[in-house]
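Below you'll find the structure, written out as structure tokens, and then a few comments.
Just so it is clear, none of the values below were taken in a lab; they were calculated from the coordinates. These figures come from a predicted structure and were not determined experimentally. Heads up, the Cβs are rebuilt from the backbone with ideal geometry, glycines too, and the neighbour counts pull from every protein chain shown.
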Amino acid sequence: MSHRVIRGGAIAAALTLTTVLAGCTGGGGGGETPTGSGPIDPTACDGVTLSFIGLDGEQGDKELADWRAEHDMTLQTTSTADMSQLIAAIKSGQQFDLATMTKDDAQRMVEGGIFQALPTERLGNWADMVPGMAESSNIRDADGVIYGAPIAWGDGPFVYRPDKAEIVDDRLSILDLTKPEWKDRFVLFNSPGRSFYFIGNALGFDSPNLTPEELEEVAATAKTLVQNAAAFATNYQDATDRMVSGDVDLVINGWQAQVAAAAERGVTLDWGYFDEGRTGWWDAIAIPTTAQNAECAALYIDQMIGVDAQVQIAENLISGVVNTQAIEATAGGPADVYDYESSVMDPTTNVFGPMIPQEDVPDGMTSYQDWLDAWEQITSGS
Amino acid sequence: MKPNRIVAALQLAPASVYYSALFGAPLLVLVAYSFYTTENFDFVPEFTLDNYVTAWTSEVYRTYFIRTLRISAITAAVIAVVAFFYSYVITYTLRAHRSLLYFFVLVSMFGGYLVRIYAWRSIFGTEGIANSALMSTGIIAEPLDLLRNGEFAIIIAMINFYLPLGILPIYAAMQNVGPGQIEAAQDLGSSRLGAAGKIVLPLALRGVTVAFVFTFIATAAEWLTPQLLGGTEDQMIGNRIAYQFGAGFDWPLGAALAVTLVVVLAVLLGALFTVVRRWVR
């Protein structure tokens, strides 16, 4: 091939690269933000198609079906239980109007700039948000700006098969799982959060505020825990599958909904709490920076935290409701397993406090990145 | 430019544009990102070699790379051997049924990737089909570690997924080795296995090499199979790359790891091709 052809190709490649790089700057962006003041226009969603990415079952697919029909709107869902995929999708500029924000990743998601501020003052149902959620520091940035609306919560039990694991009074220490008798009998998620938090408490430290020396001790114990585990569960469904199949007897990061899911398949599961405390979880919905229909997204979020949707979500997910006006309506139902007073009605309660270090930590304390590095070292097997 | 060269350039244009846009440009972007700096969870175009220093010197990533190369090399080697004999059987031994046997190869590619991973999940595990069968027949008293989630499960599953990728080039290469050459070897006293090793293998070696290379590259980039079939210390470098592009918020490091993998594979496979070329001569 002649030099001219080669040179032409090189110029074309350079131009292509320049064009592509020009469109590749960090942090998605470029989307619409909710505008205006006062309550959101109730017709903001009329005829709109909203796109959602995140945990399946938490997009209001069933719960807001009638509302969507009334407004002639459509919901497009991209399901993923992997927050890494969700973050990468938004970060690379893919357009989504709504996305899941999970408690453990919330701070990084906020600091990472993938969500835009949520105009809670314009959401009619925000005033009824349970105080433990409304006041949570996890949904805020350092300036106190709110980025997500919790829609479901639970209190983070371990879930197990009582026919295969004898656990007295549903109580267990996280350190028990480091013993040989638990070898290959449980799964956990591939994240340091709960494991480090519990182990830190078990060793007498003030989790999640750990010094480097304390983190080192925690990581040493966590290594035994990880080596004792059968595998990493990729999501709750996966963990349930493994317990139903008899492959494992317990999942560290459980959810009461797993009990109902397993019961449908003829397997009895139960749940309990670690001696080292409870670690609540919540999932929120937030508006990505790439949203094209942010006004409608805000209205949709307002519907998701409304009483009617909340009662249905609680029943479908066996989760706690986030709307104080909906608590009464769940009594006697499948989701009537939560103690609201000790969990979410007191904003100072520890259940939904930080389980991992916040992004800004005092000098001499370990950051979440330190935790992640320690976890990476453990799971590498090096 | 001469007319025939213009025609050649025009003929190459569609493929060149296609690969430049869908392969070359993303790869160049990846290379560019690998020199970026990460600040406050964002990547900024400030040149740095730190990502490569981390990728090359970190004990953690070295462990991931070595594990990845070991798993991929074993998988690709087993596939090359199995694919060679399967192709041999199709081409020479059961030649009358080759359409059916070839169809079996293609059929094995029909099943969804994820579905097949979950099928293997039901086979491996403490109470998986494999351990349960061995225990119920009294062959073993306790579940075998080997048949739980782990490296062995990953390798077996990947052999299943990528075997067709190995068979196709070897089968194609064997079409150039006529049955007459094998018959001639046997007439001269060689066994069937000897003919396969001394006649067919050297002549189809390029196909075997391509089969190894295809499957080595494909498996080295795996992340889903180790995630779903591996234990807690069996993740591959693909899992770490995927993580850095997601919750790790460190695209530059993820890009450096990915580029490093490409370079390592290119060097290793370049060496392999050199050795094979000399051997064939």
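Determine the calculated [θ] at 222 nm for chain A from helices alone, applying -39500 (n - 2.57) to every DSSP H run no shorter than 4 residues and normalising by the residue count; nearest 500 deg cm²/dmol.
Counting only the DSSP helices, I get -10000 deg cm²/dmol.
Can you give the mean number of other chain Cβ atoms that lie within 10 Å of the Cβ atoms in peptide A:217-226?
Numbers: counts 0, 0, 0, 0, 0, 0, 2, 0, 1, 3.
Taking the mean over all residues of the peptide, I get 1.
Explain nothing, just compute: Karplus ³J(HN,Hα) = 6.51 cos²θ - 1.76 cosθ + 1.60, θ = phi - 60°, for every residue of the stretch B:136-147 in order, whole Hz, x for Gly and Pro.
For the stretch B:136-147, the Karplus-derived couplings read 5, 8, x, 5, 10, 9, 10, x, 7, 4, 4, 9 Hz, x marking Gly and Pro.
If you look at just the Cα atoms of the stretch B:150-230, how large are its Rg and its Dmax in Å?
Computed over the Cα atoms of the stretch B:150-230, radius of gyration and Dmax are 16.6, 52 Å.
Given axes a ≥ b ≥ c from the Cα gyration tensor, I'd like to know whether the stretch B:1-148 is rounded (a/c under 1.5), prolate (a/b larger than b/c) or oblate.
Taking the square roots of the gyration eigenvalues as a ≥ b ≥ c, the stretch B:1-148 is oblate.
Based on other C-beta atoms within 10 Å, arrange B:Phe103, A:Phe186 from fewest to most. Each step should come with its number before you reach the end.
On the way: B:Phe103 11, A:Phe186 24.
Fewest-to-most ranking of B:Phe103, A:Phe186: B:Phe103, A:Phe186.
Using a 10 Å cut-off on Cβ to Cβ distances, tally the other chain neighbours for every residue of B:244-253 and report the average as a whole number.
On the way: counts 2, 6, 11, 15, 7, 13, 2, 5, 1, 0.
Other-chain Cβ atoms within 10 Å of each residue's Cβ, averaged: 6.
How do B:Met109, B:Met174 line up, fewest other C-beta atoms within 10 Å first? Don't jump to the answer; show the numbers that get you there.
Working: B:Met109 13, B:Met174 21.
By the 10 Å Cβ count, ascending: B:Met109, B:Met174.
Rounded to the nearest 500 deg cm²/dmol, what is the calculated helix-only ellipticity per residue at 222 nm for chain B, with -39500 (n - 2.57) per DSSP H run of length n ≥ 4? Intermediate results must be reported in sequence, preceding the final value.
Numbers: 14 runs with 191 residues, N = 281.
One gets -22000 deg cm²/dmol as the mean residue ellipticity at 222 nm.
About the Cα centre of the stretch B:47-127, what is the dipole size in debye to 20, counting +1 per Lys and Arg Cβ and -1 per Asp and Glu Cβ, all else neutral?
Numbers: 7 positive and 3 negative charges, 66 e Å.
In total the dipole reaches around 320 debye.
Counting other beta carbons within 10 Å of each Cβ, put B:Phe216, B:Phe23 in order, fewest first. Could you put the intermediate results ahead of the total?
Working: B:Phe216 23, B:Phe23 10.
Ranking B:Phe216, B:Phe23 by Cβ neighbours within 10 Å, fewest first, gives B:Phe23, B:Phe216.
Considering only C-alpha atoms, what is the centroid distance from the stretch A:169-240 to the stretch A:68-104, in Å?
30
Just check the stretch B:92-238 against the gyration tensor rule for me: Cα atoms, a ≥ b ≥ c as the square roots of the eigenvalues, rounded for a/c under 1.5, and otherwise prolate or oblate depending on whether a/b exceeds b/c. Before the final figure, lay out each step's value.
On the way: a/c = 2.40, a/b = 1.83, b/c = 1.31.
Prolate.
Between A:Ala331 and B:Val262, what FRET efficiency comes out of the Förster formula 1/(1 + (r/R0)^6) with R0 = 56 Å and r the beta carbon distance, rounded to 0.05? Intermediate values should be presented prior to the final figure.
On the way: r = 59 Å, r/R0 = 1.05.
FRET efficiency, B:Val262 to A:Ala331: 0.45.
Hey, got the average number of other protein chain Cβ atoms within 10 angstrom for residues in B:64-71? Present the calculation step by step, with values, prior to reporting the outcome.
Working: counts 5, 0, 1, 3, 0, 0, 0, 0.
Mean partner-chain Cβ count within 10 Å for B:64-71: 1.
With a/c under 1.5 counting as rounded, go ahead and sort the protein assembly as shown into rounded, prolate or oblate using the C-alpha gyration tensor (a ≥ b ≥ c being the square roots of the eigenvalues; past the cut-off, prolate if a/b is larger than b/c, else oblate). Let's see the in-between values first.
Details: a/c = 1.96, a/b = 1.45, b/c = 1.36.
Prolate, since a/c reaches 1.5 and a/b exceeds b/c.
Amide H neighbours of A:Val248 under 5 Å, at least 5 residues apart or on other chains, H built in the peptide plane: list them.
Amide H neighbours of A:Val248, under 5 Å, 5+ apart: A:Met243.
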